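Report on the structure given below.
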Amino acid sequence: MSDIFDAMHRAFFDKLFSLDDEGREAKAKLLRDAGVPEEMIAEFTRPGIQPGMSFGGAKPVDVMNVVERVLFGQNAGHVLLRVKRPPFDEAGHVEIEVLEVGRPSEEQLQGDDPAEQKG
């Protein structure tokens, strides 16, 4: 049964955490209504997963989603996450906090594979 929910979390990840266009537009509207400057709104609503983002109410499968999206979808060099289980949560949720998203290294940018060089 959990496989069904894991598949749903993977398929609807953007929607669940408002990372899709609709969610980012809603966030921008909320920030505008609160009087936040446009430069800050652009920063808060840019596409992708950025340092400082957190995902409460996530499932363990979402940790893998975040890692895959950052490393492969955004072509980052590394990602540093803090994952913790909320106290008294019997539903199996985790809290994911993105601490750092690193730029790709020179080797990654050049596409060099050290395994190929050892040949």
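Where residues in the range 19-62 are among the acidic types (D, E) and surrounded by 15 or more Cβ atoms within 10 Å (Cβ to Cβ), which of them is farthest from K84 (Cα to Cα)?
D20
Answer with yes or no whether E97 is of a type in the set (D, E), open to solvent by 50 Å² or more (accessible area, probe 1.4 Å) and under 16 Å from L16 (Cβ atoms).
So E97 does not fit the description; no.
Name the residues in the range 5-18 that are touching a Gly at 6+ places or on another chain (Cβ under 8 Å) and either of a type in the set (S, T, N, Q) or open to solvent by 50 Å² or more (accessible area, probe 1.4 Å) (or both), would you?
Those that are touching a Gly at 6+ places or on another chain (Cβ under 8 Å) and either of a type in the set (S, T, N, Q) or open to solvent by 50 Å² or more (accessible area, probe 1.4 Å) (or both): D14, K15.
All but one of (1) more than 23 Å from L16 (Cβ to Cβ); (2) modelled with pLDDT under 90 hold for G77; state the number of the condition that does not hold.
The failed condition is (2).
The values are calculated or read from the model by the stated rules, or taken from the named source; none is laboratory data. Please read all numbers here as calculations on a predicted model, not as lab measurements. So basically every Cβ, Gly included, is an ideal-geometry build from the backbone, and we count neighbours across all protein chains shown. Ligands, DNA and RNA are stripped out before the accessible areas are found, and what is left, the full protein with its side chains, is counted by its heavy atoms. Shrake-Rupley method; radii C 1.70, N 1.55, O 1.52, S 1.80 Å.
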